[in-house]
Amino acid sequence: MPITHRHLFGPGPTNPYPEATEGLARPLLGHLDPEFLAVMDETCDRLRQVWGTANTRTLPLSATGSAGMEAAFVNTVHPGDVVVVAVNGLFGQRMCDVAARCGAEVIPVEHTWGTPVDPERVVAAHPNPAVVAAVHAETSTGVRSDIAALGEAVRAAGDALLLVDAVTSIGGIELRADDWGVDVGYAGTQKCLGVAPGLAPFTINDRAFARRVQRPQSWYLDLGLLGGYVGEAGGSGGRTYHHTAPVAMVSSLHRALGRVLEEGLENVWARHAEAGQQLQQGLEALGLELFVDKDHRLPELTTVRVPDGVDSAAVRRTLLERYDVEIGAGVGEYAGSLWRIGLMGPNARPDAVTLVLGALAETLGR
Ligand SMILES: Cc1ncc(COP(=O)(O)O)c(C=O)c1O
């Protein structure tokens, strides 16, 4: 059965960069083939650049962003540790659940959905937590939080590790893990990096690695064991089998990262910023109301209030069936009252803005 081409303008996955698709189609190599190991090493180097880190332990975990979240917590949270989680949407809530399963004493710092993380409230929540966790780009609400400010506040308050979710920010908006004091970070491939879902770019610095759980509850995500698999010190020497690397996905990520770095990270961020701004202005020109204040909106993911009397699901269905345009619904209590429109990776372009605005305008009869 032929598969329809869709314009993936939801919260992810996005359409891949052509280079990512080419990477998938390359002849398959063995996962310990020296040629593949060179691709893996270069992928880790490229990931360091998009993370803004010099961390040796920067790698693509072989699973989706949620596995990145699991890996971050199971490797750093010891039973009984105090973990402060900034919660301003679904993914902050999920962090609380994951941390609790590691035996942490979780202190959620609740924020109104649609607002950014408040560093002062987060550091005031406990005098000496082991870990402070936050989401950089909350995909459930379209909010960007200031991780630089949070990192500064966390460092000033004590020696907690800062654990950050960059699933929807990496490759789309400014991200500087080292400058911002991020100790542990995880991301996903299917958003602004413009690759299919399936890998979790991950980074952990020496400070966090030294404090890690020696025998975490997850064998698969044990960073101590994974070191041998990606080549702990960089370089291909002494590589040992841990699991069969998803060779085609790594090759795809490798190519997409090459493309992003060739365009230039700052140019890629600017392209996302411009597309997001054009979309947001266009939505307001259609008389639609945006959910997030101007200062805290993500360019790559815009949340729009569904107008009164409009059937949210019916509009999404029409967009899909008539225009092959996918947009997302809201989540949680906003499931029926918000739309989420993503312009990520190759879709952060003016032609995508025009298409989604035109399709929405026609569907709404505006
Ligand atoms: C901010 C954030 N964190 C974590 C995840 C989980 O990633 P995945 O669905 O790839 O497992 C997502 C997915 O949308 C996300 O947006």
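A few notes on this one:
- Pairing each residue of the stretch 61-80 that is farther than 23 Å from A210 by Cβ and not assigned by TED's automatic domain parsing to the domain that holds F91 with any residue that is within 11 Å of the ligand (Cβ to nearest atom) and not in a helix (DSSP H, G or I), provided the two are 6+ apart or on different chains, yields no C-beta distance under 9 Å.
- Matching residues, the stretch 332-346, being part of a strand (DSSP E or B) and not aromatic (F, W, Y): L338, R340, I341, G342
- Count of the stretch 191-206 residues which are in a loop (DSSP other than H, G, I, E, B) and surrounded by 24 or more Cβ atoms within 10 Å (Cβ to Cβ): 6
- Condition met for A71 (within 15 Å of the ligand (Cβ to nearest atom), assigned to a loop (DSSP other than H, G, I, E, B) and modelled with pLDDT of 95 or more): no
- Screening the candidates T14, T53, T4 for the property of being assigned to a loop (DSSP other than H, G, I, E, B), under 18 Å from the mean Cα position of the chain (by Cα) and more than 16 Å from the ligand (Cβ to nearest atom) yields one hit, T53.
- Pair list, Cβ under 7 Å, 6 or more apart: the stretch 138-160 residue in the same structural domain as I173 (by TED's automatic domain parsing) and within 16 Å of the ligand (Cβ to nearest atom), other residue open to solvent by 40 Å² or more (accessible area, probe 1.4 Å) and in a loop (DSSP other than H, G, I, E, B): T141/W113; V143/T115
- Within the stretch 161-172, if we keep just the residues that are open to solvent by less than 10 Å² (accessible area, probe 1.4 Å) and out of contact with any Cys (no Cβ under 9 Å at 6 or more places or on another chain), the residue that is nearest to the ligand (Cβ to nearest atom) turns out to be D165.
- Condition met for V85 (crowded, with 24+ Cβ neighbours inside 10 Å and either assigned to a helix (DSSP H, G or I) or free of Cβ contacts under 8 Å to residues at least 60 places away in the same chain (or both)): yes
- One residue alone among V182, V230 is in contact (Cβ under 8 Å) with a residue 12 or more places away in the chain, over 19 Å from G12 (Cα atoms) and either of a type in the set (F, W, Y) or within 16 Å of the ligand (Cβ to nearest atom) (or both), and that residue is V182.
The values are calculated or read from the model by the stated rules, or taken from the named source; none is laboratory data. The model shown is predicted, which means the values in this text are computed figures rather than measured ones. Neighbour counts are summed over all protein chains in view; Cβ atoms, including those assigned to glycine, are modelled from backbone coordinates with ideal geometry. In case anyone asks, the SASA skips ligands and DNA or RNA and just uses the protein heavy atoms, side chains included. Shrake-Rupley method; radii C 1.70, N 1.55, O 1.52, S 1.80 Å.
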